[in-house]
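Report on the structure given below.
The values are calculated or read from the model by the stated rules, or taken from the named source; none is laboratory data. Since the model is a prediction, treat every value here as computed from it, not as a measurement. Calculation scope for accessible area: heavy atoms of the full protein, side chains included, ligands and nucleic acids excluded. Shrake-Rupley method; radii C 1.70, N 1.55, O 1.52, S 1.80 Å.
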Amino acid sequence: MLVAGLAAGTLLAGCGAGPDAATGETRPSIPGVDADAGDIHVRNAVVTFNPEGYAPGEDAPVTLSIGNVGQDTVRLVGVTSESAGSVTVASVTQVGLVSPPPGGAPGGQQVEVAPGQLVAVTLTATGLREPLTGAAVLPLTLTFDTGAELALEVPVAPPDQPLPRPEPVVEAPEH
């Protein structure tokens, strides 16, 4: 009887959260997806949040970081998605370095990651084939010159700030 009473008390104690609980406003520290292939580490891959989502035919920006813990420079040689017409590199920034990396013009930049380095990459998924909303994921496959391939299910990032909630509809009781 005592055990049943303690169990019921424990269950009831957790029920007070409600819709306005502080945990309802927390965000994960890293909202994106991570993946590894040997010495190559992809971190925090996310589709940039858009409150309206992305409609078919639109372009969606994807951000991620690529790290290299190996002894040789690695290059990203291809990115594909079954949910987009094409995926191109929009920008590359070496994290912690002042000068930009060598490479071509935006849209054709080369993504090189030296040993012990981390680069931030922005991709553009062009010509989406289906809607991409907050609950959807964008499948991406990253191919490296080492032969490594990483298949990712990239989620849409959460908003930077909580979205406004609609006012509840309260109907007057009929008499």
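Which percent of the accessible heavy-atom area of region 38-88 goes to carbon and sulfur, probe 1.4 angstrom?
That share works out to 47 percent.
Using amide H atoms built in the peptide plane, which far-off residues or other-chain residues are under 5 Å from V77 H to H?
Under 5 Å from the amide H of V77: T143, F144, D145.
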